[in-house]
Amino acid sequence: MDADDNRTLSFEELPVETQDALAELWLPGVSAEEQLEVLREVTASHPNFLPAQLNLAVALADQGEIAAAEAHYRRLRDEYPEEAGATAGLSTVLAQQDRLEEAEPLAREALARGYTWPPCHEVIAQALAARGERNAAAAEYLLAYELAPHGWDNLEHYCALTDRPYTPPTEEVPASIDRNQLADLLEFIDTTAHTPDAEGEMPGCEHTLRFSRQWAEAQGVDVIALYQFLNGHGGFCDCEVCFNVANLLDEHDPG
């Protein structure tokens, strides 16, 4: 293998037509089969573009081709040992096969290498729960949820393991704050998101509920109940709280 054979490509180095094909890959109406076909074509033409390689493994697993996904991740781990995403992905397909003893160390390795990915926490949570370590498993599920609140099933797993009541956002969720508290929460999110940090940067949303959690902890509001209430009204991150949950102030008292 030449010295540059495993040099990874950036998106900008791809041909324009390939960039366009990838940009359209996740648009509504594109079937899973079409996604898989495009990813196979892109990885065949540009094997050093790792995002497509990793997405190909995900697509294979989603299509039920678990053995092929596992083989693909293992090959990527061998060819690109510095790519923690391959390690993380391999842990998930092993977990899908109930090979949790193999999956858990890989998930922990990926996280230790800085690959912050909710499915890694889910794998660890599954392994801990299988060993009867309920509290530790619950903590991992909560981490996974807080990293990506649209994955509300992780919050449900947390509640089940901690014997907390849980209502999915597809049902009518009990209110956990009143109108005044909601108004205060919205003001807190807006102010915090637009206050420069130590480096002079605006914190922004980050697609999490971190500002909502900060507010709840400061106000003594039950964070888990708040998460469920916000999710139930379309608030799966701080900006969605401001866009969606804020509508309650125009409609009626959330309590």
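Each reported figure results from applying straightforward, stated rules to the coordinates on display, with no laboratory input. Predicted model, so just to flag it, every value in this text is computed and none were measured. All Cβ positions, glycine included, derive from the backbone under ideal geometry; neighbour counts span all protein chains shown.
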**Message:** Report the Cα centroid-to-centroid distance between the stretch 102-171 and the stretch 1-69 in angstrom, as an integer.
**Reply:** 28
**Complete:** Here the cysteines of the chain without any disulfide-compatible Cβ partner under 4.7 Å are Cys120, Cys159, Cys237, Cys242
**Prompt:** Relative to the longest principal axis of the chain, what angle (0 to 90°, nearest 10) does the C-alpha long axis of helix 179-193 take?
**Reply:** 40
**Request:** Would you mind ranking Ser91, Ser10, Ser176 by Cβ crowding within 10 Å, fewest neighbours first?
**Result:** Ser10, Ser176, Ser91
**Item:** Helix axis angle, 134-147 relative to the chain longest principal axis, alpha carbon, degrees
**Value:** 90
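Please identify the GluC sites (Glu not before Pro) of the stretch 148-255 that satisfy two criteria: DSSP loop assignment and at most 12 other Cβ atoms within 10 Å. Which are they? Could you put the intermediate results ahead of the total?
Numbers: sites: Glu156, Glu171, Glu172, Glu187, Glu199, Glu201, Glu206, Glu217, Glu240, Glu251; in loops: Glu171, Glu172, Glu199, Glu201, Glu206.
For GluC sites (Glu not before Pro) across the stretch 148-255 that sit outside H, G, I, E and B with at most 12 neighbouring Cβ atoms in 10 Å, the list reads Glu171, Glu172, Glu199, Glu201.
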**Fill in**
Here the FRET efficiency for Glu201 versus Glu79, based on Cβ atoms and R0 = 35 Å and rounded to 0.05, is 0.45
**Asked** Where is the GNM fluctuation largest for the chain (alpha-carbon springs, 10 angstrom cutoff): Glu102, Glu146, Glu17?
**Response** Glu17
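Could you estimate the translational diffusion coefficient of the chain from the Stokes-Einstein equation, with Rh from the Kirkwood formula over C-alpha pairs, at 25 °C and 0.890 mPa s, in whole µm²/s? Kindly include the intermediate steps, with their values, before the conclusion.
Working: Rh = 20.5 Å.
This corresponds to a translational diffusion coefficient of 120 µm²/s.
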**Message:** If you fit an axis through the alpha-carbon atoms of helix 152-161 and take the longest principal axis of the Cα set of the chain, what angle between them do you get, 0 to 90°, nearest 10?
**Reply:** 70
**Fill in**
With Cα springs under 10 Å, the Gaussian network model of the chain assigns the largest mean-square fluctuation among Leu25, Leu54, Leu90 to Leu25
**Message:** Using Cα springs under 10 Å in a Gaussian network model of the chain, which residue among Asp62, Asp78, Asp20 shows the largest mean-square fluctuation?
**Reply:** Asp20
**Message:** Under a crude label model (7 Å from the Cα following the beta-carbon direction), how far is Asn244 from Gln63 in nanometres?
**Reply:** 3.1
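For the chain, calculate the relative contact order in percent as a whole number, restricting contacts to Cα pairs under 8 Å that are 6 or more residues apart. It would help to have the intermediate numbers written out before the result.
Details: 307 pairs, mean separation 27.4, N = 255.
Rounded, it is 11 percent for the chain.
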